[in-house]
């Protein structure tokens, strides 16, 4: 993770702080649509200047949001421990069906609309749900969606299946998407 300053680019910001896009849009309406978009090579100070925002406040907000986001994640080691200890939880794969069918963590379920509705209807606030994606880049948005539907024990796998493959189960093949 980089230390943010006025010369940090928006690309550096969003790569180092995966929830930054969500945090900036939620508080400042930056980056969510064409009227408030930014370019990856723009600096934080340029975006703040164009939107009449205080640079230090924006940086502080991104860093505070990141600390909150970290509380919504579990490490690959924590997930492995939960699996080893047969802890009660649901492991949900939020990637595409093709990705799930090609490689997935054992006993995970592919997230369909029907499964999501079943979880929302049947799980209690005490239910533990672990979501994962490819690299952990987008999992926080889905975790926030589940938490917002009264499932506060939902967590995301930090680094996604890619980190799990590297750190825990090397039998899971790694892959790269053209979009990454």
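Taken together, 61, 134 contain a single residue that is assigned to a loop (DSSP other than H, G, I, E, B), at pLDDT 95 or above and in contact with a helix residue (DSSP H, G or I) (Cβ under 7 Å, 6 or more places away or on another chain), which is 134. Please work out if residue 49 is under 16 Å from the mean Cα position of the chain (by Cα) and either buried (at least 18 other Cβ atoms within 10 Å of the Cβ) or outside the structural domain of residue 130 (by TED's automatic domain parsing) (or both). For residue 49, the condition - under 16 Å from the mean Cα position of the chain (by Cα) and either buried (at least 18 other Cβ atoms within 10 Å of the Cβ) or outside the structural domain of residue 130 (by TED's automatic domain parsing) (or both) - is not met. Condition check for residue 153 on (1) surrounded by fewer than 19 Cβ atoms within 10 Å (Cβ to Cβ); (2) touching a residue at least 40 places away in the same chain (Cβ under 8 Å); (3) closer than 16 Å to residue 87 by Cβ: one failure, at (2). Restricting attention to region 34-42, does a residue exist that is at pLDDT below 90, exposed (fewer than 14 other Cβ atoms within 10 Å of the Cβ) and out of contact with any strand residue (DSSP E or B) (no Cβ under 9 Å at 6 or more places or on another chain)? Yes, that holds for at least one residue. Would you pick out the residues in region 86-118 that are surrounded by 11 or more Cβ atoms within 10 Å (Cβ to Cβ) and under 17 Å from residue 168 (Cβ atoms)? Result: 87, 89, 91, 93, 103, 104, 105, 108.
The values are calculated or read from the model by the stated rules, or taken from the named source; none is laboratory data. Since this is a predicted model, take the numbers as computed values, not measurements. With ideal geometry, Cβ positions are generated from the backbone for all residues, glycine too; neighbour counts draw on all protein chains shown.
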